[in-house]
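The values are calculated or read from the model by the stated rules, or taken from the named source; none is laboratory data. Just so you know, these numbers come straight off a predicted model, no measurement behind them. A quick note on method: Cβ atoms are made from the backbone with ideal geometry, for glycine too, and the neighbour counts reach across all protein chains shown. Keep in mind that these areas ignore ligands, DNA and RNA; they rest on the heavy atoms of the full protein, side chains included. Shrake-Rupley method; radii C 1.70, N 1.55, O 1.52, S 1.80 Å.
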Amino acid sequence: MIELKSERVQEIKTDALIIPVCEDKDIYSAKNKMFFPKGLSEYKEFSGKEGDKIAFYGMSNIAADRIILLGIGKFCDITEETFRKTAGKAVKDAIAKGFENIAVLIPDAKKLEIGAEALIKATGEGAYLANNIFLEYKSKKEKKPLKKIYLSAKPENVTQVKKLFAQIKTVCDGTLMARKWANTPSNDKKPKTFAASIIKAAKQDNIKTTLLSEKEISKLKMGGILGVAFGSEEKPFMVILDYNPEGAKETYAFVGKGVTFDSGGINLKPGSGLEGMKFDMCGAAAAAAAVITLAKLKSKYRIIAAIPIVENMPSGNALRPGDVIKSFSGKTIEVGNTDAEGRLILSDAISYVEKEYKPKVIIDIATLTGACVVALGEDIAGVFSSDKKLAKAISDAGNSVYERCWAMPMPLDYKKLLKSGVADISNIGASRWGGAITAALFLSAFVKDTKWAHIDIAGPASAKKASDYCEAGGTGFGVRLISDLILKDRLKNV
Ligand code: BES
Ligand code: MN
Ligand code: ZN
């Protein structure tokens, strides 16, 4: 549905030709400017400021029904993200107007400080991600995605980036897969259904899938996963995806928090706190979709995803505050708060992955704490690692795909906050301050001697409001991040 074209853009027959226009610099080649509306600089209503928009109809020199100019702001502020957002805006606007197809003109990379590849990649991502609407539960499908989006670039660039373009689509499909899982309501996303859905999606590729049932989890003595599931009618599962290409030199493991609904358990969340808790499996969705994506793209590394899946509910069987459980590692945990459930299931999965697969690096991704959202806001994830190089590799990947990650401290003296009087460790900090850090320190206690990082995506995993290339709801945060991390070989020197 998205296609890169090198033919003359004025000959592409579409509902609209979209042209991003910079406020203070000409960013097009002379050839492309030939069909621009004349006297543009005279129009008072359009100066190219971000958000500016103007349409021209009945242009005799182009095949498209109309030209729409979109302002992208000042030259010095233009980044790759500008093009993701502009392409996203163009697509969303076209969908709202009921168009079927558009063409987006890509500026001359030579006139920008962004390379041709990055420019096409960003535009493609923004357009592709924006052209997706979650309509599963709508009786009337009022909006329809565009049938075709053409990106028009210079011929030499088109051949150069053909392969990259196919890769962009695969990675974006991964993001859309994660968004769909996230947006599915919890009544249609019980642990069993969610686990089966992941296995089904992974089966298409050269991935070995394993589904651990409650019986097996119980045999393995994973007290964290079992404990959180006590209160729910639904049994827990653990999904393991193992992509192991021939000759793989390194193994990287991702662990994703899969709480299909987080009520808080006996420490029941207040009404407003329950909002959005269907998204508490977004770490699982990101880890699964990323491994599926990397397998499709034939990564040279062995990549594991370990995904514990539970529902956190209160009931007569539920875990109680004060209970002590025994984790897979053998460590005992005092449950200070049943709402700190994510770390209980992750601790089992992390130590299991370390023991079973001996990966070079373990990265867990989880909607773990409200405290992380307080610290970094809703759009930035927190990265926690005692390995500075690993934390930097993750935040570099985040900057490159605009899934921003900020390295947070791991002060060892804060570990004392997790002391328990009766067990080896408590699942909550003695102080309510620094809650994202004590959560990360708790997880670190279950890693023996492997390089490990934790990404807290409680903020960016979902969004209450739509943005330029994402609807309100699950964002798929983490899929493009992990894909970039592995595809660009950023873990090589960690
Ligand atoms: N799933 C929540 C974290 C969360 C909060 C995600 C808001 C998205 C938005 C997690 O299980 C949780 O409840 N954490 C508690 C921990 C506390 C009890 C130590 C929290 O953040 O309040
Ligand atoms: Mn919780
Ligand atoms: Zn949770």
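Structure notes:
- Cβ-placed point charges (K, R +1; D, E -1), dipole of the range 184-487 about Cα centre in debye, nearest 20: 680
- Furthest towards positive pole of dipole, LEU164, ALA196, TYR402, structure part the chain, Cβ charges: LEU164
- 14 Å reach of a label modelled at LYS300, 7 Å along Cα-to-Cβ, counting backbone N of the range 234-251: 245-251
- Angle in degrees between helix 342-357 and the longest Cα principal axis of the chain, rounded to the nearest 10: 90
- In a DSSP loop and with at most 10 other Cβ atoms within 10 Å, the trypsin sites (Lys or Arg not before Pro) in the range 261-310 are LYS298.
- Full extension of the segment from ASP24 to LYS203, taken as 0.36 nm per residue of separation minus the current Cα-Cα distance, would add 59.4 nm.
- Residues of the range 2-176: accessible area per residue with a 1.4 Å probe, Å²: 48
- Packing-based order for 407-418, 141-152, using average beta carbon neighbours within 10 Å, highest first: 141-152, 407-418
- Restriction of the GluC sites (Glu not before Pro) in the range 1-47 to DSSP coil positions whose beta-carbon has at most 10 other beta-carbons within 10 angstrom yields GLU45.
- DSSP bridge pairs, the chain: antiparallel proportion in percent, nearest 5: 40
- Separation in nanometres of the label points that stand 7 Å from Cα toward Cβ, at MET1 and GLU100: 1.5
- Accessible surface for the range 184-293, divided over its residues, is 41 Å² per residue with a 1.4 Å probe.
- The chain - Rg and Dmax from Cα coordinates, angstrom: 24.0, 81
- Fully extended contour minus Cα-Cα distance, from VAL422 to ASP77, at 0.36 nm per residue: 118.6 nm
- Portion, in percent, of the accessible area of the chain that falls on carbon or sulfur, probe 1.4 Å: 51
- Multiplying the residue separation of LEU220 and ASN493 by 0.36 nm and subtracting their alpha-carbon distance yields 94.9 nm.
- Put the Cα centre of the range 172-243 next to the Cα centre of the range 355-373 and the gap is 16 Å.
- Here the spin labels are modelled as points 7 Å beyond Cα on the Cα-Cβ line, and at ALA466 and LEU211 they lie 3.5 nm apart.
- In summary, the range 191-259 shows an alpha-carbon radius of gyration equal to 1.24 times the 2.2 N^0.38 Å reference for compact globular proteins.
- Cα gyration tensor shape for the range 21-124, rounded if a/c is under 1.5, else prolate or oblate: rounded
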